[in-house]
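So the structure is just underneath, and the comments pick up after that.
The values are calculated or read from the model by the stated rules, or taken from the named source; none is laboratory data. Here the structure is a predicted model, which means the values were calculated and not measured. Note that each Cβ is placed from the backbone with ideal geometry, even for glycine, and that neighbours are counted across all protein chains shown.
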C-alpha cells in the first residue's frame, strides 16, 4: 500500500505530498488523517507528516520509495472534508496546508519539536512550601534576586491550585524558573490525581426554554425555516445588550437537534463568558462538549474524543472550537461576533467567521452571528443583503437601557479635582454604596502606571527587547513588558544619569484600585484584569465573589464587558476613554466604540435602572455621542463614511506582508526587495504601499517592517500575488521571515 504524506515543514516549496510505502504490520492501523514519522530527504532525523491519501499501488515510481517509520496517532481527527478545509485555509491565508491541518488536531498534540518543551500530557499543580513572611523576608534581604523568581512566588502567594502549564502560558515563566524555585525549596510540584469535571463543577440545575418576547419569537421562527430546509444561510442578530440573544441561540439549537443535526457555539473566550456557558449547560446538560484555554490538556483531549465518538451534539468553545471534529453540522453560532479574538494573530492568521461560513456552506447549515455592536464589515453585508439582518431593539424582561452621561474632565480640572475619579463619579459611587448597589469601573489598561521615567533627564524605562515602555506593577514591585514578558525589579535610580527622581505616567487598574481604597476605605473592591486572572477559573471566582458576596466595586479591563449579567449593577464608570479615542489604527474607532458600548451595557440589566458615566475631555467625539444616544447606527454612519473616503475594508481588501528579523538593515533591504517584486509589472490590479514600520517596530528582539497591498481580492489577484511570493521566496534571505495577513484588524 502507498501512503501520500504531507510533511510538516515551513518551507513553501515542500508544500506537496510525497509517496511512502506502508509496512505490512501497519496496514490495519494506517488511516487518512493520522500523523506518521518518516525519513525525509537526506536528513538523518525523522520528520512528522500526515497521511492525506491511501492507494493500493503506484505505477512506475520515479524513485525508490521509503517505508513509513511509525504511526504517531491512535485516532484520526482529519477526514476528507477537513483536508478540503485545510486546502481552502492555506489558499486564502497564504500558509502551508500542514499549518492549517495542525489547527484540527487535539490541543497538546505532540509535535516533532516537543522534546524541547515541557511534557503537557501531565496535569501538575505548583504549591508554595514556605510561608508568605519567609518569602517576603528572602526577597527583601536579596536572597531571592531573580525578578522572574519574585514574580512567580508573589503570584503564588495570592493564587492557589495553579497548574504548571497555566504559569508557563499565563505568566510567560519558563520551566527552568519553576525548577529553580523547586530546587531552592520554595515550591513543590504535585500531579493532579483527580480530573476536574467541568460540567459537575458548575453545579447548576437543568432549565426549560423561556417564553420568548415578540422580538425573540420573530428571530427564532424566521431562522428556523432555514434550519428545517437545511439551507445555507448567514444571519446577523443585531440586538442591544440584554435583549436576550442567548435565549434565541438556545431555542435555535433545540430546532437543530430535532432535525438530528449538530451545532457549534463560539464565544470570544470561554473563561470570560462563563455565564453564557452556564446557560448552555443548564439547558442541554452532558450533550455539550466544552473547549477552552483554562481546561487542562487532558480534559481538552477527552472532550475531543467525546466529540469524535459522536457522544455529544453541541460544542461550545472559543475560536479554535470551530475545528472540533464534529460531523453533520446544522448550525454555527458566533456570539459577540465583533470580538477581535476571532482573528488568529499567529500563523495561519485566519478569520473564524470566514472558516465558519465555509463550513456552513459545505454542510448546508445556518451561520448565526450575534452582537450589540457588529463588526463594520458584518453590518455592511447585512445592509446590502449578503447576510440576513434581524434587529432586537429592546431589552428582555422589561429592563431598560441605561442612561448615559458625559463627564467633561476639563470642568473637573477647573474645579481643582486632580483625582482620576471625577467629582460626579465619586458622588455616584458613594450613592451606590449607600444604596447597597454595585458599581463597575472600566479602564482598559492593567498595571500600576503605564511607564516610569526619570524627571532629571527624561529617560523612559523601555523593554530591552521591544520598542515599548515597560509597565510598573506595584504589588510585586516589578517592571513588566506585556509583549515579550521581560521583567525587571523596580528601579529606583536612572541608568542614564543616575538621578533618583523616578516618576510615573498614566493610569492602570492597579493604581486605580489603590486610589479607590483611599477614597472609599469601607468599600469592598475587586480587580479583574490579565494580572489577576492567570490561575484556573480565576475569572469566574472573581465574578462569583462580586455577584454573590455583594462586593461594592469591580474594576476591570475589557474582559468585564463580555457576557456578564449582574442585576445589582446600576452604575458603570468609564475611565480613560480618551486613551481609547487616541489610538490611530484604521479600526481603532470601531474597537473604542465596541468597548465603551459593551461595558456600558452591564448597567441596569435587572429591575433597577442603570446609569453610565463616561469621563472624557472630548465630549463631542462622535464615538462618545453615539454611546450616549445608545445608537450603533449613529456610529456606523460616521465610520462607514470614513472607511469609504480613505479606502479601507469593507470597501477594499488588505494584504499585509510582514518582514521580520534580528538585523534592522537586513529587514529593511528585504522589505524593499519584496516591495519592488510586488510592484513590478503591476497593471493597476492592486496598489502597493512602500515599506513602513508598524507602531511597535521591534518585538522579542526582532525588527518588523510591513508592505501593504490594497485590492479587491479575486482568483486573478490571488494568482498574481502567489506568483510574486514565489519569486520573492527564491531570493529571500534565510535569516528573515515573511508572513501574510489578509484584512488585518491592526495595521
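Please verify whether region 600-615 includes one or more residues that are in contact with a helix residue (DSSP H, G or I) (Cβ under 6 Å, 6 or more places away or on another chain), touching a residue at least 24 places away in the same chain (Cβ under 8 Å) and within 30 Å of residue 172 (Cβ to Cβ).
Checking region 600-615: not a single residue is in contact with a helix residue (DSSP H, G or I) (Cβ under 6 Å, 6 or more places away or on another chain), touching a residue at least 24 places away in the same chain (Cβ under 8 Å) and within 30 Å of residue 172 (Cβ to Cβ).
Which condition from (1) part of a helix (DSSP H, G or I); (2) touching a helix residue (DSSP H, G or I) at 6+ places or on another chain (Cβ under 9 Å); (3) surrounded by 22 or more Cβ atoms within 10 Å (Cβ to Cβ) is the one that residue 638 breaks?
Answer for residue 638: the failing condition is (3).
Using the structure shown, decide if residue 385 is at positive phi and outside the structural domain of residue 592 (by TED's automatic domain parsing). Don't jump to the end; show me each part of the working.
On the way: at positive phi: yes; outside the structural domain of residue 592 (by TED's automatic domain parsing): yes.
Yes; evaluated as a whole, the condition is true for this residue.
Give me a count of the residues in region 542-574 that are farther than 23 Å from residue 400 by Cβ, touching a residue at least 40 places away in the same chain (Cβ under 8 Å) and part of a helix (DSSP H, G or I).
3
What is the residue count in region 95-108 for residues that are touching a strand residue (DSSP E or B) at 6+ places or on another chain (Cβ under 9 Å) and not in a helix (DSSP H, G or I)?
Count: 4.
Kindly evaluate residue 91 against the criterion of being under 30 Å from residue 720 (Cβ atoms), without any contact (Cβ under 8 Å) to a residue 60 or more places away in the chain and surrounded by fewer than 19 Cβ atoms within 10 Å (Cβ to Cβ). First the steps, then the outcome.
Working: under 30 Å from residue 720 (Cβ atoms): yes; without any contact (Cβ under 8 Å) to a residue 60 or more places away in the chain: no; surrounded by fewer than 19 Cβ atoms within 10 Å (Cβ to Cβ): yes.
Answer is no for this residue.
Can you tell me which residue is modelled with the lowest pLDDT among those in region 330-352 that are buried (at least 22 other Cβ atoms within 10 Å of the Cβ) and in a helix (DSSP H, G or I)?
It comes out as 342.
Working only within region 18-36, note down all residues that are more than 32 Å from the chain's Cα centre (by Cα) and either closer than 22 Å to residue 325 by Cβ or loosely packed, with under 15 Cβ neighbours inside 10 Å (or both). So that I can check it myself, show each step before the final result.
Filtering region 18-36 for residues more than 32 Å from the chain's Cα centre (by Cα) gives 18-31.
Matches in region 18-36: 23, 24, 25, 27, 28, 29, 30, 31.
Just checking: which of the strands (runs of 3 or more DSSP E) contained wholly in region 1-94 hold 1 or more residues that are within 30 Å of residue 715 (Cβ to Cβ)? Before the answer, list the steps.
Details: elements: 2-7, 17-21, 35-39, 46-55.
In region 1-94, the matching strands (runs of 3 or more DSSP E) lie at 2-7, 17-21, 46-55.
Quick check: is even one residue across region 718-728 surrounded by fewer than 17 Cβ atoms within 10 Å (Cβ to Cβ), part of a helix (DSSP H, G or I), in contact with a strand residue (DSSP E or B) (Cβ under 6 Å, 6 or more places away or on another chain) and modelled with pLDDT of 95 or more?
no
Being over 22 Å from residue 575 (Cβ atoms), touching a helix residue (DSSP H, G or I) at 6+ places or on another chain (Cβ under 7 Å) and either in a strand (DSSP E or B) or at pLDDT 80 or above (or both) narrows it down to one residue among 465, 476, 420, 394; which is it?
Numbers: 465 fails: touching a helix residue (DSSP H, G or I) at 6+ places or on another chain (Cβ under 7 Å); 476 fails: either in a strand (DSSP E or B) or at pLDDT 80 or above (or both); 420 fails: over 22 Å from residue 575 (Cβ atoms).
Every option except 394 fails the conditions.
Can you name the residue in region 663-696 that is assigned to a loop (DSSP other than H, G, I, E, B) and in contact with a strand residue (DSSP E or B) (Cβ under 6 Å, 6 or more places away or on another chain) and is also nearest to residue 468 (Cα to Cα) among such residues?
Step one: of region 663-696, the residues assigned to a loop (DSSP other than H, G, I, E, B) are 663, 680-686, 693-696.
Cutting the leftovers down to in contact with a strand residue (DSSP E or B) (Cβ under 6 Å, 6 or more places away or on another chain) gives us 686, 693-694.
Working: 686: 33, 693: 14, 694: 12 Å.
Filtering first and then ranking leaves 694.
Quick test for you: out of 592, 577, pick the one residue that is under 24 Å from the mean Cα position of the chain (by Cα), free of Cβ contacts under 8 Å to residues at least 40 places away in the same chain and crowded, with 19+ Cβ neighbours inside 10 Å. Walk me through it before giving the result.
On the way: 577 fails: free of Cβ contacts under 8 Å to residues at least 40 places away in the same chain.
Of the residues listed, the single one that is under 24 Å from the mean Cα position of the chain (by Cα), free of Cβ contacts under 8 Å to residues at least 40 places away in the same chain and crowded, with 19+ Cβ neighbours inside 10 Å is 592.
So is residue 627 in contact (Cβ under 8 Å) with a residue 12 or more places away in the chain, part of a helix (DSSP H, G or I) and within 27 Å of residue 481 (Cβ to Cβ) or not? Write out each step before concluding.
Values: in contact (Cβ under 8 Å) with a residue 12 or more places away in the chain: yes; part of a helix (DSSP H, G or I): yes; within 27 Å of residue 481 (Cβ to Cβ): no.
Answer is no for this residue.
Of everything in region 133-146, what is in contact with a helix residue (DSSP H, G or I) (Cβ under 6 Å, 6 or more places away or on another chain) and in a loop (DSSP other than H, G, I, E, B)? Give them in sequence order.
Step one: list which residues in region 133-146 are in contact with a helix residue (DSSP H, G or I) (Cβ under 6 Å, 6 or more places away or on another chain), which gives 135, 139, 144.
Across region 133-146, the qualifying residue is only 144.
For region 119-132, state whether one or more residues are part of a strand (DSSP E or B), surrounded by fewer than 19 Cβ atoms within 10 Å (Cβ to Cβ) and at pLDDT 90 or above.
No, every residue in region 119-132 fails to be part of a strand (DSSP E or B), surrounded by fewer than 19 Cβ atoms within 10 Å (Cβ to Cβ) and at pLDDT 90 or above.
Does region 641-655 hold any residues that are crowded, with 18+ Cβ neighbours inside 10 Å and over 14 Å from residue 376 (Cα atoms), and which are they?
Those that are crowded, with 18+ Cβ neighbours inside 10 Å and over 14 Å from residue 376 (Cα atoms): 654, 655.
How about region 163-276: which helices (runs of 4 or more DSSP H) wholly inside it have at least 2 residues that are modelled with pLDDT of 85 or more?
Values: elements: 164-171, 175-183, 198-202, 214-228, 245-258.
Ranges flagged: 175-183, 214-228, 245-258.
Which numbered condition trips up residue 585, out of (1) within 21 Å of residue 689 (Cα to Cα); (2) part of a helix (DSSP H, G or I)?
(2)
Hey, can you tell me all the residues within region 362-391 that are under 25 Å from the mean Cα position of the chain (by Cα) and assigned to a strand (DSSP E or B)?
Of all residues in region 362-391, those under 25 Å from the mean Cα position of the chain (by Cα) come to 366-382, 387.
366, 367, 368, 369, 370, 371 - these are the residues of region 362-391 that are under 25 Å from the mean Cα position of the chain (by Cα) and assigned to a strand (DSSP E or B).
With the checklist (1) crowded, with 19+ Cβ neighbours inside 10 Å; (2) more than 23 Å from the chain's Cα centre (by Cα); (3) at pLDDT below 90 in hand, flag the one item residue 51 doesn't pass.
Unmet for residue 51, out of (1) crowded, with 19+ Cβ neighbours inside 10 Å; (2) more than 23 Å from the chain's Cα centre (by Cα); (3) at pLDDT below 90: (3).
Just to verify a result, which residue in region 147-162, among those that are assigned to a loop (DSSP other than H, G, I, E, B) and touching a strand residue (DSSP E or B) at 6+ places or on another chain (Cβ under 9 Å), is modelled with the lowest pLDDT?
Going residue by residue through region 147-162, those that are assigned to a loop (DSSP other than H, G, I, E, B) are 159-161.
Right, trim to touching a strand residue (DSSP E or B) at 6+ places or on another chain (Cβ under 9 Å) and you get 160-161.
Working: 160: 64, 161: 60.
Checking each candidate, the answer is 161.
Those residues that are without any contact (Cβ under 8 Å) to a residue 24 or more places away in the chain and either closer than 17 Å to residue 677 by Cβ or crowded, with 16+ Cβ neighbours inside 10 Å (or both), I need them from region 693-717; list them, please.
Answer for region 693-717, where residues must be without any contact (Cβ under 8 Å) to a residue 24 or more places away in the chain and either closer than 17 Å to residue 677 by Cβ or crowded, with 16+ Cβ neighbours inside 10 Å (or both): just 693.
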